[in-house]
Amino acid sequence: MTVRPSPPVPDVFDPRQYATGVPYAAYRVLRDHHPVAWQDEPEVLGWPAGPGFWAVTRHADVVRVLKDPLTYSSQLGATQIRDPDPEDLPFIRRMMLNQDPPGHGRLRRLVSRAFTPGRVDRFTAVAEKRAQDLFAGALEAAREADGTVDLVAAVTDDYALLNLADLLGVPEPDRELLLHWTQRVIGYQDPDEAGPPVLDDAGKPVNPRSPAMLRDMFAYARQLAAYKRRYPADDVLTILAHDAELTSAELEMFFFLLTIAGNDTVRAAAPGGLLALAEHPGPYERLRAGAIELASAVEELLRWHPPVLTFRRTADYDTELAGRRIRAGDKVVVFHASANRDERVFTEPDRLDLTRAPNPHISFGDGPHVCLGAHFARLQLRVLYREAMRALPVLRTAGPAGRLVSNFINGTKSLPVQVT
(Lines give C-alpha, C1' and ligand atoms only; values in the text may rest on other atoms or scores of the structure.)
Protein backbone atom coordinates (compact mmCIF):
# COMPACT_ATOMS: atom_id res chain seq x y z
CA MET A 1 0.00 0.00 0.00
CA THR A 2 1.37 3.41 -0.97
CA VAL A 3 1.03 6.11 1.65
CA ARG A 4 0.77 9.51 0.07
CA PRO A 5 2.59 12.31 1.88
CA SER A 6 0.52 15.17 3.21
CA PRO A 7 0.57 18.32 1.11
CA PRO A 8 2.72 21.17 2.45
CA VAL A 9 1.24 23.65 4.88
CA PRO A 10 -0.14 26.64 2.92
CA ASP A 11 0.39 30.19 4.12
CA VAL A 12 -2.81 31.76 5.44
CA PHE A 13 -1.13 34.62 7.29
CA ASP A 14 -0.12 37.10 4.57
CA PRO A 15 -2.88 39.74 4.60
CA ARG A 16 -2.26 40.64 0.96
CA GLN A 17 -3.76 37.38 -0.31
CA TYR A 18 -7.10 38.27 1.30
CA ALA A 19 -7.42 41.24 -1.06
CA THR A 20 -8.28 38.74 -3.83
CA GLY A 21 -10.51 36.48 -1.73
CA VAL A 22 -10.64 34.31 1.36
CA PRO A 23 -8.25 31.36 0.75
CA TYR A 24 -10.85 28.64 1.19
CA ALA A 25 -8.83 26.07 -0.78
CA ALA A 26 -5.89 26.58 1.57
CA TYR A 27 -8.22 26.29 4.56
CA ARG A 28 -9.47 22.95 3.19
CA VAL A 29 -5.88 21.65 2.98
CA LEU A 30 -5.29 22.72 6.56
CA ARG A 31 -8.51 21.17 7.86
CA ASP A 32 -7.89 17.86 6.08
CA HIS A 33 -4.17 17.48 6.72
CA HIS A 34 -2.89 20.09 9.20
CA PRO A 35 -5.81 21.13 11.45
CA VAL A 36 -3.42 22.81 13.89
CA ALA A 37 -0.55 24.09 11.76
CA TRP A 38 2.42 26.31 12.44
CA GLN A 39 2.45 29.55 10.45
CA ASP A 40 5.43 31.82 10.03
CA GLU A 41 5.00 35.56 10.52
CA PRO A 42 7.36 37.33 8.11
CA GLU A 43 7.61 41.09 7.75
CA VAL A 44 4.73 42.31 5.56
CA LEU A 45 3.89 45.80 4.32
CA GLY A 46 6.44 47.36 6.62
CA TRP A 47 5.09 45.66 9.73
CA PRO A 48 7.80 43.72 11.59
CA ALA A 49 8.09 39.95 11.63
CA GLY A 50 6.64 37.99 14.52
CA PRO A 51 7.44 34.67 16.19
CA GLY A 52 4.77 32.66 14.35
CA PHE A 53 1.56 31.03 15.56
CA TRP A 54 -0.62 27.93 15.44
CA ALA A 55 -3.49 28.17 12.92
CA VAL A 56 -6.61 26.32 14.12
CA THR A 57 -9.01 25.61 11.25
CA ARG A 58 -11.49 22.85 12.18
CA HIS A 59 -14.82 23.85 13.70
CA ALA A 60 -14.55 21.60 16.76
CA ASP A 61 -11.03 22.79 17.59
CA VAL A 62 -11.95 26.46 17.09
CA VAL A 63 -14.91 26.08 19.46
CA ARG A 64 -12.71 24.26 21.96
CA VAL A 65 -10.23 27.13 22.01
CA LEU A 66 -12.89 29.83 22.27
CA LYS A 67 -14.67 28.06 25.14
CA ASP A 68 -11.53 27.47 27.21
CA PRO A 69 -10.18 30.84 28.41
CA LEU A 70 -8.21 29.15 31.19
CA THR A 71 -6.01 27.38 28.63
CA TYR A 72 -6.21 29.86 25.76
CA SER A 73 -5.95 33.36 27.16
CA SER A 74 -7.19 36.61 25.60
CA GLN A 75 -5.22 38.62 28.14
CA LEU A 76 -1.68 37.29 27.90
CA GLY A 77 -0.96 38.66 24.43
CA ALA A 78 -4.32 40.27 23.53
CA THR A 79 -6.41 39.09 20.57
CA GLN A 80 -4.65 40.27 17.39
CA ILE A 81 -2.17 38.09 15.50
CA ARG A 82 0.57 40.71 15.67
CA ASP A 83 2.18 41.04 19.09
CA PRO A 84 1.61 44.44 20.67
CA ASP A 85 4.61 46.36 21.92
CA PRO A 86 5.30 45.19 25.49
CA GLU A 87 4.93 48.71 26.86
CA ASP A 88 1.46 48.95 25.25
CA LEU A 89 0.18 45.64 26.60
CA PRO A 90 -1.07 46.91 30.00
CA PHE A 91 -3.09 49.57 28.17
CA ILE A 92 -4.53 47.08 25.66
CA ARG A 93 -5.49 44.69 28.46
CA ARG A 94 -7.90 47.28 29.85
CA MET A 95 -10.30 46.43 27.02
CA MET A 96 -12.93 43.77 27.77
CA LEU A 97 -12.03 41.94 24.56
CA ASN A 98 -8.50 41.43 25.88
CA GLN A 99 -9.40 40.11 29.32
CA ASP A 100 -10.03 36.70 30.84
CA PRO A 101 -12.49 35.68 33.57
CA PRO A 102 -13.30 36.93 36.12
CA GLY A 103 -12.41 40.49 35.03
CA HIS A 104 -13.96 39.98 31.62
CA GLY A 105 -17.24 38.82 33.15
CA ARG A 106 -17.47 41.88 35.40
CA LEU A 107 -17.05 44.30 32.50
CA ARG A 108 -19.39 42.34 30.27
CA ARG A 109 -22.13 42.49 32.91
CA LEU A 110 -21.70 46.25 33.25
CA VAL A 111 -21.97 47.01 29.54
CA SER A 112 -24.83 44.51 29.15
CA ARG A 113 -26.96 46.82 31.29
CA ALA A 114 -26.87 49.37 28.49
CA PHE A 115 -26.78 47.00 25.53
CA THR A 116 -30.13 45.32 26.21
CA PRO A 117 -32.21 43.67 23.48
CA GLY A 118 -35.08 46.00 24.37
CA ARG A 119 -33.02 49.14 23.76
CA VAL A 120 -31.64 47.65 20.55
CA ASP A 121 -35.10 46.66 19.27
CA ARG A 122 -36.32 50.25 19.64
CA PHE A 123 -33.94 51.15 16.81
CA THR A 124 -35.76 48.94 14.28
CA ALA A 125 -37.90 51.75 12.86
CA VAL A 126 -34.88 54.06 12.67
CA ALA A 127 -32.86 51.41 10.83
CA GLU A 128 -35.73 50.75 8.41
CA LYS A 129 -36.04 54.44 7.51
CA ARG A 130 -32.28 54.74 7.12
CA ALA A 131 -32.10 51.71 4.81
CA GLN A 132 -34.93 53.10 2.70
CA ASP A 133 -33.28 56.51 2.38
CA LEU A 134 -29.85 55.07 1.56
CA PHE A 135 -31.15 52.74 -1.13
CA ALA A 136 -33.25 55.56 -2.58
CA GLY A 137 -30.11 57.67 -2.77
CA ALA A 138 -28.19 54.80 -4.36
CA LEU A 139 -30.85 54.35 -7.06
CA GLU A 140 -30.84 58.07 -7.79
CA ALA A 141 -27.04 58.08 -8.04
CA ALA A 142 -27.19 55.15 -10.47
CA ARG A 143 -29.75 56.93 -12.65
CA GLU A 144 -27.54 60.03 -12.81
CA ALA A 145 -24.47 57.97 -13.72
CA ASP A 146 -24.19 54.96 -16.01
CA GLY A 147 -26.73 52.75 -14.27
CA THR A 148 -24.24 51.44 -11.73
CA VAL A 149 -23.62 52.30 -8.10
CA ASP A 150 -21.19 51.20 -5.40
CA LEU A 151 -23.34 49.82 -2.59
CA VAL A 152 -20.50 50.12 -0.06
CA ALA A 153 -20.04 53.85 -0.61
CA ALA A 154 -23.73 54.57 -1.19
CA VAL A 155 -25.36 52.30 1.40
CA THR A 156 -23.54 49.91 3.70
CA ASP A 157 -20.77 52.10 5.14
CA ASP A 158 -23.20 54.83 6.19
CA TYR A 159 -25.84 52.34 7.29
CA ALA A 160 -23.58 50.62 9.81
CA LEU A 161 -21.98 53.86 10.96
CA LEU A 162 -25.16 55.87 11.49
CA ASN A 163 -27.02 53.04 13.23
CA LEU A 164 -24.15 52.66 15.68
CA ALA A 165 -23.96 56.42 16.22
CA ASP A 166 -27.68 56.47 17.09
CA LEU A 167 -27.31 53.61 19.55
CA LEU A 168 -24.26 55.14 21.23
CA GLY A 169 -25.63 58.67 21.19
CA VAL A 170 -22.92 60.32 19.09
CA PRO A 171 -24.00 63.80 17.90
CA GLU A 172 -24.58 64.08 14.17
CA PRO A 173 -21.67 66.47 13.41
CA ASP A 174 -19.20 63.99 14.96
CA ARG A 175 -20.28 60.80 13.24
CA GLU A 176 -17.67 60.77 10.50
CA LEU A 177 -15.08 60.47 13.26
CA LEU A 178 -16.32 56.94 13.92
CA LEU A 179 -15.58 55.85 10.36
CA HIS A 180 -12.18 57.56 10.46
CA TRP A 181 -11.21 55.72 13.64
CA THR A 182 -12.55 52.41 12.33
CA GLN A 183 -10.57 52.68 9.10
CA ARG A 184 -7.42 53.58 11.02
CA VAL A 185 -7.68 50.68 13.47
CA ILE A 186 -9.27 47.94 11.34
CA GLY A 187 -7.78 48.79 7.97
CA TYR A 188 -4.23 49.42 9.17
CA GLN A 189 -2.86 46.67 6.89
CA ASP A 190 -4.47 48.28 3.83
CA PRO A 191 -2.79 51.47 2.56
CA ASP A 192 -6.02 52.47 0.79
CA GLU A 193 -7.90 52.49 4.10
CA ALA A 194 -5.39 53.81 6.62
CA GLY A 195 -2.75 55.41 4.42
CA PRO A 196 0.95 54.83 5.07
CA PRO A 197 1.70 53.68 8.63
CA VAL A 198 2.72 56.22 11.26
CA LEU A 199 6.38 55.60 12.20
CA ASP A 200 8.07 56.07 15.55
CA ASP A 201 11.48 57.67 16.09
CA ALA A 202 13.17 54.39 15.15
CA GLY A 203 11.25 54.16 11.86
CA LYS A 204 9.01 51.32 13.10
CA PRO A 205 5.24 51.41 12.45
CA VAL A 206 3.19 52.46 15.47
CA ASN A 207 0.47 49.98 16.44
CA PRO A 208 -2.93 51.57 15.70
CA ARG A 209 -4.18 50.22 19.04
CA SER A 210 -1.38 51.90 21.03
CA PRO A 211 -2.11 54.76 23.46
CA ALA A 212 -0.36 57.22 21.16
CA MET A 213 -2.65 56.40 18.21
CA LEU A 214 -5.85 56.39 20.29
CA ARG A 215 -5.28 59.62 22.19
CA ASP A 216 -7.73 61.66 20.09
CA MET A 217 -10.42 58.99 20.29
CA PHE A 218 -10.13 58.68 24.07
CA ALA A 219 -10.21 62.45 24.54
CA TYR A 220 -13.44 62.53 22.54
CA ALA A 221 -14.90 59.69 24.65
CA ARG A 222 -14.22 61.70 27.84
CA GLN A 223 -15.85 64.81 26.38
CA LEU A 224 -18.89 62.87 25.19
CA ALA A 225 -19.29 61.15 28.57
CA ALA A 226 -19.17 64.51 30.35
CA TYR A 227 -21.82 65.83 27.96
CA LYS A 228 -24.06 62.80 28.59
CA ARG A 229 -23.84 63.37 32.35
CA ARG A 230 -25.13 66.91 31.87
CA TYR A 231 -27.62 66.08 29.14
CA PRO A 232 -28.76 62.45 29.52
CA ALA A 233 -30.59 60.68 26.71
CA ASP A 234 -31.82 57.19 25.85
CA ASP A 235 -28.54 55.85 24.49
CA VAL A 236 -25.72 53.51 25.49
CA LEU A 237 -23.19 56.25 26.31
CA THR A 238 -25.61 57.90 28.75
CA ILE A 239 -26.06 54.62 30.61
CA LEU A 240 -22.31 53.96 30.74
CA ALA A 241 -21.47 57.55 31.74
CA HIS A 242 -23.81 57.29 34.74
CA ASP A 243 -22.54 53.87 35.88
CA ALA A 244 -20.65 54.45 39.12
CA GLU A 245 -18.92 51.06 38.84
CA LEU A 246 -17.15 52.03 35.61
CA THR A 247 -13.87 53.88 35.87
CA SER A 248 -13.06 56.62 33.37
CA ALA A 249 -10.43 54.39 31.76
CA GLU A 250 -12.93 51.52 31.43
CA LEU A 251 -15.52 53.80 29.84
CA GLU A 252 -12.95 55.02 27.30
CA MET A 253 -12.11 51.43 26.40
CA PHE A 254 -15.79 50.59 26.02
CA PHE A 255 -16.19 53.51 23.64
CA PHE A 256 -13.26 52.17 21.63
CA LEU A 257 -14.64 48.63 21.58
CA LEU A 258 -18.20 49.61 20.70
CA THR A 259 -17.07 52.07 18.04
CA ILE A 260 -14.66 49.72 16.28
CA ALA A 261 -16.29 46.32 16.79
CA GLY A 262 -19.85 47.64 16.67
CA ASN A 263 -19.27 49.47 13.42
CA ASP A 264 -17.09 47.03 11.55
CA THR A 265 -19.09 43.87 12.26
CA VAL A 266 -22.04 45.11 10.20
CA ARG A 267 -19.82 47.17 7.89
CA ALA A 268 -18.07 43.93 6.86
CA ALA A 269 -21.04 41.55 6.95
CA ALA A 270 -23.56 43.65 5.02
CA PRO A 271 -21.79 44.02 1.64
CA GLY A 272 -20.49 40.46 1.89
CA GLY A 273 -24.06 39.22 2.22
CA LEU A 274 -25.28 41.39 -0.65
CA LEU A 275 -22.46 40.10 -2.84
CA ALA A 276 -23.39 36.51 -2.01
CA LEU A 277 -27.00 37.18 -2.99
CA ALA A 278 -25.91 38.84 -6.23
CA GLU A 279 -23.81 35.81 -7.08
CA HIS A 280 -26.71 33.44 -6.37
CA PRO A 281 -29.74 34.83 -8.26
CA GLY A 282 -31.85 31.71 -7.73
CA PRO A 283 -31.76 31.79 -3.93
CA TYR A 284 -32.16 35.59 -4.04
CA GLU A 285 -35.36 35.28 -6.07
CA ARG A 286 -36.73 32.62 -3.72
CA LEU A 287 -35.94 34.88 -0.77
CA ARG A 288 -37.72 37.81 -2.46
CA ALA A 289 -40.72 35.59 -3.18
CA GLY A 290 -41.05 34.68 0.50
CA ALA A 291 -40.14 31.02 -0.04
CA ILE A 292 -37.22 31.40 2.40
CA GLU A 293 -37.35 32.90 5.89
CA LEU A 294 -35.23 36.03 6.16
CA ALA A 295 -33.89 35.06 9.59
CA SER A 296 -32.58 31.77 8.18
CA ALA A 297 -31.03 33.60 5.23
CA VAL A 298 -29.22 36.02 7.55
CA GLU A 299 -27.61 33.14 9.42
CA GLU A 300 -26.43 31.49 6.20
CA LEU A 301 -25.06 34.75 4.83
CA LEU A 302 -23.15 35.20 8.09
CA ARG A 303 -21.74 31.69 7.74
CA TRP A 304 -20.85 32.35 4.10
CA HIS A 305 -19.22 35.71 4.76
CA PRO A 306 -18.18 36.00 8.41
CA PRO A 307 -17.18 39.58 9.27
CA VAL A 308 -14.19 38.44 11.32
CA LEU A 309 -11.63 36.05 9.82
CA THR A 310 -9.41 35.33 12.81
CA PHE A 311 -8.93 35.87 16.52
CA ARG A 312 -5.82 35.20 18.55
CA ARG A 313 -5.35 33.54 21.93
CA THR A 314 -2.16 32.72 23.86
CA ALA A 315 -1.55 29.37 25.56
CA ASP A 316 -1.37 29.87 29.32
CA TYR A 317 0.45 26.57 29.84
CA ASP A 318 1.66 23.56 27.87
CA THR A 319 -1.24 21.71 26.27
CA GLU A 320 -2.24 19.61 23.27
CA LEU A 321 -4.68 20.37 20.47
CA ALA A 322 -5.49 18.01 17.59
CA GLY A 323 -2.37 16.00 18.41
CA ARG A 324 0.00 18.99 18.37
CA ARG A 325 2.00 20.00 21.42
CA ILE A 326 1.44 23.66 22.20
CA ARG A 327 3.83 25.38 24.59
CA ALA A 328 2.97 28.01 27.16
CA GLY A 329 3.25 31.41 25.48
CA ASP A 330 2.54 30.12 21.95
CA LYS A 331 0.09 32.13 19.90
CA VAL A 332 -3.03 30.16 18.91
CA VAL A 333 -5.14 31.74 16.14
CA VAL A 334 -8.63 30.48 15.34
CA PHE A 335 -9.91 30.84 11.76
CA HIS A 336 -13.64 31.56 11.81
CA ALA A 337 -14.01 31.51 8.02
CA SER A 338 -12.44 28.06 7.85
CA ALA A 339 -14.56 26.64 10.68
CA ASN A 340 -17.68 27.88 8.89
CA ARG A 341 -16.79 25.73 5.87
CA ASP A 342 -15.85 22.59 7.81
CA GLU A 343 -17.31 19.51 6.07
CA ARG A 344 -17.36 17.72 9.43
CA VAL A 345 -20.12 20.07 10.58
CA PHE A 346 -21.81 21.52 7.48
CA THR A 347 -23.27 19.49 4.61
CA GLU A 348 -22.03 20.87 1.29
CA PRO A 349 -20.39 23.85 3.01
CA ASP A 350 -19.38 25.48 -0.29
CA ARG A 351 -23.03 25.73 -1.35
CA LEU A 352 -25.07 28.76 -0.28
CA ASP A 353 -28.19 27.28 1.33
CA LEU A 354 -30.41 30.03 2.73
CA THR A 355 -32.59 27.40 4.42
CA ARG A 356 -29.68 25.67 6.17
CA ALA A 357 -30.68 24.24 9.54
CA PRO A 358 -29.10 23.72 11.91
CA ASN A 359 -26.47 26.35 11.21
CA PRO A 360 -23.89 26.40 14.03
CA HIS A 361 -21.64 29.00 12.42
CA ILE A 362 -19.24 30.86 14.66
CA SER A 363 -19.25 34.21 12.88
CA PHE A 364 -19.96 35.92 16.21
CA GLY A 365 -17.53 33.73 18.13
CA ASP A 366 -18.30 31.34 20.96
CA GLY A 367 -17.63 30.98 24.65
CA PRO A 368 -17.36 33.89 27.10
CA HIS A 369 -16.31 36.35 24.38
CA VAL A 370 -19.27 35.69 22.06
CA CYS A 371 -20.18 38.99 20.37
CA LEU A 372 -22.09 41.26 22.72
CA GLY A 373 -23.65 43.12 19.78
CA ALA A 374 -24.82 40.05 17.84
CA HIS A 375 -28.49 40.87 18.41
CA PHE A 376 -28.00 44.42 17.09
CA ALA A 377 -26.02 43.14 14.10
CA ARG A 378 -28.67 40.57 13.15
CA LEU A 379 -31.42 43.20 13.43
CA GLN A 380 -29.55 45.57 11.11
CA LEU A 381 -28.83 42.85 8.57
CA ARG A 382 -32.47 41.71 8.46
CA VAL A 383 -33.62 45.27 7.88
CA LEU A 384 -30.97 45.96 5.23
CA TYR A 385 -31.58 42.79 3.21
CA ARG A 386 -35.34 43.32 3.32
CA GLU A 387 -34.95 46.80 1.87
CA ALA A 388 -32.42 45.57 -0.70
CA MET A 389 -34.99 43.07 -1.98
CA ARG A 390 -37.54 45.87 -2.37
CA ALA A 391 -35.17 48.39 -3.98
CA LEU A 392 -33.25 45.93 -6.16
CA PRO A 393 -35.53 43.22 -7.56
CA VAL A 394 -32.59 42.19 -9.72
CA LEU A 395 -29.27 42.23 -7.85
CA ARG A 396 -26.43 42.03 -10.35
CA THR A 397 -22.80 43.01 -9.93
CA ALA A 398 -21.26 45.47 -12.39
CA GLY A 399 -17.67 44.42 -11.74
CA PRO A 400 -15.51 42.69 -9.16
CA ALA A 401 -15.85 43.69 -5.53
CA GLY A 402 -12.89 45.41 -3.91
CA ARG A 403 -11.59 43.61 -0.84
CA LEU A 404 -9.72 44.77 2.23
CA VAL A 405 -6.05 43.85 2.71
CA SER A 406 -6.50 42.16 6.09
CA ASN A 407 -6.12 38.77 7.74
CA PHE A 408 -8.49 39.95 10.50
CA ILE A 409 -11.59 41.57 8.95
CA ASN A 410 -13.40 40.06 5.96
CA GLY A 411 -13.88 43.52 4.50
CA THR A 412 -15.43 44.67 1.24
CA LYS A 413 -14.22 48.12 0.12
CA SER A 414 -16.46 48.42 -2.95
CA LEU A 415 -19.43 46.57 -4.44
CA PRO A 416 -20.48 47.91 -7.86
CA VAL A 417 -23.94 46.76 -8.91
CA GLN A 418 -26.03 47.26 -12.04
CA VAL A 419 -29.36 48.95 -11.43
CA THR A 420 -32.13 47.94 -13.86
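The values are calculated or read from the model by the stated rules, or taken from the named source; none is laboratory data. The model shown is predicted, which means the values in this text are computed figures rather than measured ones. As a convention, Cβ positions derive from the backbone with ideal geometry for all residues, glycine included, and neighbour counts pool all protein chains shown. Accessible surface is based on the protein model in full, side chains and every heavy atom, while ligands, DNA and RNA are left aside. Shrake-Rupley method; radii C 1.70, N 1.55, O 1.52, S 1.80 Å.
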Charged-residue dipole, Cβ positions (Lys, Arg, Asp, Glu), region 14-138 about Cα centre, Debye nearest 20 | 840
Say the cut-off is 30 Å between C-alpha atoms; which of 228/331; 67/228; 204/331 go over it?
-> 228/331; 67/228
Mean-square fluctuation maximum in Gaussian network of the chain, Cα pairs under 10 Å, restricted to 266, 65, 198, hits 198
Dividing the helical contributions, -39500 (n - 2.57) per DSSP H run of n ≥ 4, by the residues of the chain yields a 222 nm value, nearest 500 deg cm²/dmol, of -13500 deg cm²/dmol
Long-range amide H partners of residue 148 with built H, under 5 Å = 419
Quote the relative contact order of region 1-140 in percent (integer), defining contacts as alpha-carbon pairs under 8 Å separated by 6+ residues.
-> 12
Spin-label pair residue 113/residue 16, simplified geometry with 7 Å Cα→Cβ offset, distance in nm = 5.0
Per the C-alpha gyration tensor (a ≥ b ≥ c, the square roots of its eigenvalues), region 143-299 is rounded if a/c is under 1.5, else prolate if a/b beats b/c, else oblate; here it's oblate
For residue 133 and residue 219, FRET efficiency with R0 = 35 Å and r from the beta-carbon atoms, rounded to 0.05?
-> 0.65
Mind checking the per residue accessible area of region 218-285 for me, 1.4 Å probe, whole number of Å²?
-> 36
Hey, any idea what % of the chain's accessible area is carbon plus sulfur with a 1.4 Å probe?
-> 54
Would you calculate the separation in nanometres between label points at residue 242 and residue 227, each defined as 7 Å from the Cα along the Cα-to-beta-carbon direction?
-> 1.8
Summing +1 per Lys or Arg and -1 per Asp or Glu among the other residues with Cβ less than 12 Å from residue 176's Cβ gives -3
Post the alpha-carbon centroid distance, region 69-104 to region 128-194, in whole angstrom.
-> 30
Which whole number in µm²/s is D for region 103-203 by Stokes-Einstein, with the Kirkwood Rh taken over Cα pairs at 10 °C and 1.306 mPa s?
-> 96
Gaussian network model of the chain, springs between alpha carbon atoms under 10 Å - residue of 57, 347, 148 with greatest fluctuation | 347
Please give the net charge around residue 16, taking every other residue with its beta carbon less than 13 angstrom from that of residue 16, where Lys and Arg add +1 and Asp and Glu add -1.
-> -4
Largest first, how would 280, 375 line up by accessible area (1.4 Å probe)?
-> 375, 280
Using only alpha carbon pairs under 8 Å that are at least six residues apart, calculate the relative contact order of the chain and give it in whole percent.
-> 26
For residue 412, other-chain or 5+-apart residues with amide H closer than 5 Å (H placed, Pro excluded) are 404
Go ahead and run the numbers for FRET between residue 374 and residue 320, Cβ-Cβ distance against an R0 of 35 Å, rounding to 0.05.
-> 0.70
Quick one: Cα centre-to-centre distance for region 229-278 and region 18-48, in angstrom?
-> 30
Once phi is turned into ³J(HN,Hα) by the Karplus curve 6.51 cos²θ - 1.76 cosθ + 1.60 with θ = phi - 60°, what whole-Hz value does each residue of region 398-406 show in order, with x for glycine and proline?
-> 10, x, x, 6, x, 10, 6, 7, 6
Averaging sequence separations of C-alpha pairs under 8 Å and six or more residues apart, then dividing by the length of region 214-283, give the relative contact order as a whole percent.
-> 28
Relative compactness, the chain, computed as alpha-carbon Rg over 2.2 N^0.38 Å = 0.97
At 1.4 Å probe size, with no ligands or nucleic acids counted, give the accessible surface of residue 253 in Å², nearest ten.
-> 10
Relative to the compact-globule estimate 2.2 N^0.38 Å (N residues), the Cα gyration radius of region 261-402 stands at a ratio of 1.18
